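The values are calculated or read from the model by the stated rules, or taken from the named source; none is laboratory data. Not measured: the values here are computed from a predicted model. Note: ideal-geometry Cβ built from the backbone for every residue, glycine included; neighbour counts use all protein chains shown. Calculation scope for accessible area: heavy atoms of the full protein, side chains included, ligands and nucleic acids excluded. Shrake-Rupley method; radii C 1.70, N 1.55, O 1.52, S 1.80 Å.
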Amino acid sequence: MLTIVICVGSSCYVRGSDKVAETFERLIKQENMSNQVELTGAFCMDHCSMGVSVRLDDQVYPEVYPDDAESFFYNEVVSRLQRGV
Ligand code: FES
């Protein structure tokens, strides 16, 4: 199970963390991945001056934007699961 944590702190919220979450939710359903991925939220991850912060297990990606959320999902989340990391 891969855990995706989206920052819902105020800086990330202003940059669209709710849109990023919606995109991930939609793609998890679309790709039938709800048994492989857990989506959750957390407060500030200390990268407030960048984009929306997303953490995959222990790795923080501080520059995810709503428009990039879909490609991030395929490039990072799906490929991570395929690599079995
Ligand atoms: S509010 Fe998201 S990293 Fe600070």
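Key figures
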{"quantity": "Heavy-atom SASA rank of C12, C48 (probe 1.4 Å, accessible area, largest first)", "calculated": "C48, C12"}
{"quantity": "With Cα atoms, 0 to 90° folded angle of helix 17-30 axis to the chain main axis", "calculated": "10 degrees"}
{"quantity": "Per-peptide average of other Cβ atoms within 10 Å, ordering 19-27, 53-61, 33-41 highest first", "calculated": "19-27, 53-61, 33-41"}
{"quantity": "Within the accessible area of the range 22-85 (1.4 Å probe), percent carbon and sulfur", "calculated": "43 percent"}
{"quantity": "Percent RCO, i.e. relative contact order, over the chain, from Cα pairs under 8 Å lying at least 6 residues apart", "calculated": "39 percent"}
{"quantity": "Total charge dipole magnitude, the range 1-42, about the Cα centre, Cβ charges on Lys, Arg, Asp, Glu only, Debye to nearest 20", "calculated": "120 debye"}
{"quantity": "Cα principal axis extents for the range 2-61, largest first, Å", "calculated": "33, 22, 14"}
{"quantity": "Cut-off 14 Å between beta-carbons: net charge of the residues surrounding L81, Lys and Arg +1, Asp and Glu -1", "calculated": "-2"}
{"quantity": "DSSP bridge orientation in the chain - percent antiparallel, rounded to nearest 5", "calculated": "55 percent"}
{"quantity": "Cβ-Cβ FRET estimate between K29 and L81, R0 fixed at 22 Å, reported to 0.05", "calculated": "0.90"}
{"quantity": "Simple label model, 7 Å out from Cα along Cβ direction - V14 to L2, nm", "calculated": "3.1 nm"}
{"quantity": "Nearest-0.05 FRET efficiency for D67 and Q36, computed from C-beta distance (R0 30 Å)", "calculated": "0.75"}
